Amino acid sequence: MKPVRIILTIIAAAAFAAAGGGVWFVRSLGPVPVLADTDLSTQVLDRNGRLLRAYATPDGRWRLPVTVFDVDPRFIEMLQIYEDRRFRNHAGVDPLAMSRAAWQFLASARVISGGSTLTMQVARLLEPRAERTLGAKLRQIVRALEIERNMSKDEVLGLYLTLAPYGGNLEGIRAASLAYFGKEPKKLSLAEAALLVALPQSPELRRPDRSATVARAARDRVLDRIAKAGRVPADEVAFAKLEVVVAGRRPMPALAPHASDQTVAALPKQKLHRLTIDAALQKNLEDLARERAKALGPNISVAIIAVDNASGEVLARVASADYFDERRAGQVDMTDALRSPGSALKPFIYGLAFEDGIAHPETLIEDRPVRYGAYAPENFDMTFQGTVTTRRALQMSLNVPAVSLLDGVGASRLNARIAQAGGTLMLPKGEAPGLAMALGGLGIKLSDLTMLYVGLARGGNAVSLVERITSAEPAAPRRLLDPVASWYLGNILVGTPPPENAAGGRIAFKTGTSYGYRDAWSVGFDGKRTIGVWVGRPDGAPVAGLVGRVAAAPILFDVFARLGQPAAPLQHAPRGAVFSTSAKLPPPLRHFRPNGVVASDSASPPLRIMFPPNNARLELTTFEGKTDPLALKITGGVEPLTVLVNGAPTAARVDRRTLFVDPDGPGFLRLTVIDARGAADSVMVRLQ
C-alpha cells in the first residue's frame, strides 16, 4: 500500500500545484479589458440616426461601433457557420473545435483549421499581441471564459463586429461595409456578406482594393461552405458568385461637413453627436449646389439652408458648393459669412410700415426720382414705374418705394427690430443705420436672413435656428412683426413673378443682388419649410451678371421641388387683416408720400461713385493667370459715362449702372467717372 500512497500523494501534489499555478496565471492577467469610447471613431448622426460623417481615431483607424441589430441577420448566420458553429452553445471555448484542430495539426504537421472561437478572437482583439505562443493561447482561453461570464452572446458578437480587421485602417464590419460598398451592413447582398466573413482571417492578403482575385476566391469558399450547410439555395449561391468584387475603396461619408466639424469642435470629448439635419435631403442639396456652382462658372460657390418652420430645426445646411474644392474655397462656411443682402431685407421694411399703419398692401406709393439730401436712390433697371401699390412695389423689388418707406419707419428702428428678433446686421465701420440699408448697405449671414424669413412664415414670431439635438428646452420665440403684417408680406411675396420655367403662386419668396454683383440671394417659404440660398464668390470678387433672380431663385425653386412634397399652404389670414382696394382704404392709407425732395422727371441726381468707397483696400483675384475685373457702382449723372484710370481714359464694360474695369495690377489707383454734362466723381483705392 505504501507505493500506492506515494503515487497518490504525487498526483495530488501535482494537481494542487497545477491549480495553484492556474490561479496565479489568471490573477496575473489583471482585469478583463474593455472597449473604451476613446478607442472608437467619433460619429455625427442625422435626425433619424443615419451617419452623416465619421472621424478616424487618433491613431488613424476607422472603428465604428456596431451591434448585431445593425447587421444583416444573414451575415450573422454565415459568420457563425464559417467561424464558430457552436457559438451559441459553448462558454467561450469549444473543446471539440480545439481537439479537432490539435489532431489535424499532429496528423499533418501544419495548421488545417483553427480552434479559436469568436469569443477567443474577441479576447485577442481586445489585447492585441504579436506572439503566437502557447502562453498567448492560454491567455485567450482564460479571457474568453471571463468575457462570456460577464457578457451576453449578442454583446460578444457586437465586440467582434466592431473590432475585426478588414484591411488597412478598417476595423469592424461597419467601416468595411461603408469603405468597400458604400452602404450600411444591414443592406449587404449575399456576395458582399460572404466577402466580409472571409476578410478578417487574412485581411491584408484578401483586401479587395489590392487583390480582387484573392478576395473573390476567399468569398467563394465562404459561399461554398454556406451552400454545403444547406442554408442558402444552390442557385442563389451560384448567382452570388457572379457578382463582381469591388476593386477599390470609397471615401467615408462626409455629409454636412461644416456642421459636423463645428459640432465636434464644440464638444471634442463626445463621441456621438446627433444633428437635426436629414441625411437624404442633405445629400440631395449638396449634389444640387455642386451642379449649379459648376454651371454658373469658376470660383463660384453656393450655400443653402433648409429649415422646419414649426421648430426652427435645420433640415439641411450646405455651406459651400464642394467642401474639398479649394478653388471655390470649399471649407469656408458661407452660411456664416457676412455678405450684403441687396434687396432681401425689403420685406421687413414693408412689414414695419404695415405694422405702424402708414401703409397697406394696396396703398399707392410713388416710384419717381426722389432725393434725400445727397442720396438719390435708383431702381435696378434705371427706370421708374410711376404710381404703384406697395404690393406691386415689393413684388417688383423697386428701390425708391423701399427707401421711402424706410425713411418713414426709421432705419434705426429696423435695425433694432431685427436685433430683437435675433438677427445681426453689420454696418460699415463708423456708420449709423441709414437709408442705404434698404438696398443692402450692410452685412448679414445667410443663417440669420433665413431665420428672419422663418419668423415671417410663423406669423411674426422668430425662433433661433436649431442644429444640434439636445435635451435643453427650446428658446422662447421673439417678436419680429405682428401677425397681420407678417401675413400681408406672405400674401404679397407668394405673388412675386417666379424665375423662368418655374410655377408661381406656390411659395413666398424674395431675391436680392448686392452692389457690384458680388452676392445673389433668394429666400422663400411655404407653410412648412423655409429655404435660403446664396450664390457668389467666397472671396467677394464681382461676377458680371450675377443677379438673385437669375442665379439664386432657380436654385430656390429646385430645392422646394426636391423636398419631395407639394408646397404647403401659407397661414390663414389672422384677425385684423384688412381686405380692400386702394380707393376704399381710409384716407391716410390711400397714398403714401415720401419725405424726400421729389425731383422732376427731367432732373438728374448728382453723379456719384457708390462703390468702391474712397481710400478702400481691395483684394485682387485671379483665375488662370487673368485678373478679375474691378466693379464700380455708379448713381446719378447723365449717360454716357467715361471712366478714367489714373487720369487716362479706359474701356469699361457697362451692366446697368455698374462699370467693370480691368486693372493692370496691384498698387494705388485713382478712378474717375465723368458724365455727359461734365460732372465727375473720383475715388482713390489700393489694390493688393
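Here are the numbers for the structure shown:
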read-out	value
Positive-end extreme of charge dipole, segment 314-597 - chosen from TYR453, LEU315, TYR515 (charges on Cβ)	TYR453
Separation of the GLU155 and THR387 label points, Cα + 7 Å toward Cβ, nm	8.3 nm
Relative contact order (percent, whole number), the chain, Cα cutoff 8 Å, 6+ residue spacing	10 percent
Theoretical ellipticity at 222 nm over the chain - DSSP helices of four or more residues, -39500 (n - 2.57) apiece, nearest 500	-10500 deg cm²/dmol
Span-like helix ranges in the chain, DSSP H, alpha carbon extent 18 angstrom or more, Kyte mean at least 0.0	2-28, 95-108
Residue order, fewest to most beta carbons within 10 Å, for GLU639, GLU473	GLU473, GLU639
Formal net charge of residues neighbouring VAL307 (Cβ-Cβ distance under 11 Å; K, R +1; D, E -1)	+1
Gyration tensor verdict on segment 337-418 (Cα atoms; rounded if a/c is under 1.5, prolate if a/b is larger than b/c, oblate otherwise)	rounded
Square roots of five times the Cα gyration tensor eigenvalues for segment 608-687, Å	21, 13, 11
Net dipole in debye of the chain [+1 Lys, Arg Cβ; -1 Asp, Glu Cβ; about Cα centre; nearest 20]	1920 debye
Ranked list, fewest to most other Cβ atoms within 10 Å of each Cβ, for ARG50, ARG317	ARG50, ARG317
Length released on extending from ALA247 to ALA266, taking residue separation times 0.36 nm less the Cα-Cα span	3.1 nm
Normalised contact order of segment 314-597, rounded percent, pairs of Cα under 8 Å and 6 or more residues apart	22 percent
Summed side-chain charge close to THR450 - residues other than THR450 whose Cβ falls under 11 Å, Lys, Arg +1, Asp, Glu -1	+2
Rounded Å value of the spacing that divides the Cα centres of segment 656-688 and segment 125-204	68 Å
Extension gain (nm, one decimal) between VAL578 and ASN614, 0.36 nm per residue minus Cα-Cα	8.2 nm
Candidate aspartates and glutamates - alpha carbon under 20 Å from LYS528, same-chain residues fewer than 8 apart omitted	ASP46, ASP278, ASP308, GLU313, ASP448, GLU467, ASP482, ASP558
Cα gyration tensor shape for segment 397-495, rounded if a/c is under 1.5, else prolate or oblate	oblate
The chain - convex hull of the alpha-carbon atoms, volume per residue in Å³	218 Å³
Which of VAL661, VAL222, VAL673, VAL302 has the fewest Cβ neighbours within 10 Å, and the rest in rising order	VAL661, VAL673, VAL222, VAL302
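Each value in this text was obtained by applying a stated rule to the coordinates, not by laboratory testing. Remember, it's a predicted structure, so these values are computed and weren't measured experimentally. Glycine gets a Cβ as well: all are built from the backbone with ideal geometry, and neighbour counts include every protein chain shown.
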